[in-house]
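To start, the structure under review is shown below, and the notes come after it.
Every number in this text was worked out from the coordinates using simple rules, so none of it is lab data. Predicted model only: the values in this text are computed from it and were never measured. Cβ placement follows ideal geometry from the backbone for every residue including glycine, while neighbour counts extend to all protein chains displayed.
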Amino acid sequence: MNKSSLDPVSVRAHDLRVTRGRVQVLKGLDFTVRRGGVTGLLGPSGCGKTTLMRAIAGIQARATGTLEVLGRPAGSPALRPLIGYVTQAPSVYLDLTVRQNLEYYAAVLGVPRADPAMGAPPWGHLPAARLGAVSRGRVDAALADVDLTSHAGALAADLSGGQRSRASLAVALLGSPELLVLDEPTVGLDPVLRRGLWELFHRLAGQHGVTLLISSHVMDEADRCERLLLMRAGRLLADGTPAELRRRTGADTVEEAFLRLVDDADDADDAGDADDSAARAGESV
Ligand SMILES: Nc1ncnc2c1ncn2[C@@H]1O[C@H](COP(=O)(O)OP(=O)(O)OP(=O)(O)O)[C@@H](O)[C@H]1O
């Protein structure tokens, strides 16, 4: 059995720091992401969500501290088939149809031929001899999951932005990821599609034990997550279930809880600045 499947935690970070350009974007994060659930990564634009997701996906340079993903250091080659990372920018070839895109990626990823005896994916990793054949069944299932069956024959160039994002998500579902890292997957989608995707996320977590880390800056998506990591300006403000965060802050909504946590952090910063000034004044006497 895979070592990571015994671990109740999928991602562990300790004092995680990332510098991009000249700016320290992540400023010492400590957190865990539980295995097999939907964890939301929420915070305002520019707070560092994408940077954190890139670090977890193992493609972010200049990261220090500890970051362990599925029991291995982030970026380990062995993690590649276990992580599905969907970026904000859709990664599909515009001159191919949706189906051709999925068939191409299925071939590249070595997605196994559908085998009804094995049940629904994910079914773990198969011997090399059984990999490599493109699975029409898997492509069809991924198309259905993201509600793009009726657009299978459309050129990706002719899709709307939301449809292209869903095509990228379908690519991530082709493999058998243990961890799905989704950067704002519901941006630009109408409420019906958003609801459908959230149902899919919970199905993947509940029925297949996939861990999902989903970023959003829309606080009304918070209540769809089992746990939340609230970020602001490269730091983690809070970590807990939506109900815990509301209770801890005495707020009615997660958005209000977030704003109270921001105010508390600002007050703490101001107090720290005042202490520093007092100390400097003392030094100069
Ligand atoms: N390549 C880069 N060089 C320098 N700074 C960068 C680079 N990429 C991002 N940043 C900075 O890092 C910070 C965090 O960016 P990041 O994309 O992680 O934020 P985010 O929370 O995902 O934002 P959004 O919700 O808008 O996608 C921002 O201040 C951004 O300007």
Expressed as a whole-number percentage, the relative contact order of segment 167-268 with C-alpha contacts under 8 angstrom and at least six residues apart is 20
Along segment 61-70, Karplus-curve 3J(HN,Hα) (6.51, -1.76, 1.60; θ = phi - 60°) to the nearest Hz, with x for Gly and Pro, reads 6, 6, 9, 10, x, 10, 9, 10, 10, 6
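Using only alpha carbon pairs under 8 Å that are at least six residues apart, calculate the relative contact order of segment 1-73 and give it in whole percent. Don't jump to the answer; show the numbers that get you there.
Values: 115 pairs, mean separation 30.9, N = 73.
Relative contact order comes out at 42 percent.
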Distance in nm between S45 and R80 label points, each 7 Å along Cα→Cβ, equals 3.5
Taking a ≥ b ≥ c as the square roots of the eigenvalues of the Cα gyration tensor, with a/c under 1.5 meaning rounded and otherwise prolate when a/b exceeds b/c and oblate if not, segment 215-268 is oblate
Pseudo-spin-label distance E226 to S150, built 7 Å along Cα→Cβ, given in nm, is 3.3
Spelling it out for R34: with amide H atoms placed in the peptide plane at 1.01 Å from N, the residues 5 or more places away or on another chain with amide H under 5 Å from its amide H are S10
Which residues qualify? For G28, with a placed amide H closer than 5 Å and at least 5 residues away or on another chain, they are L16, R17, V18
From the Cα centre of segment 168-186 to that of segment 206-260, the distance in Å is 20
Pseudo-spin-label distance D264 to S160, built 7 Å along Cα→Cβ, given in nm, is 4.0
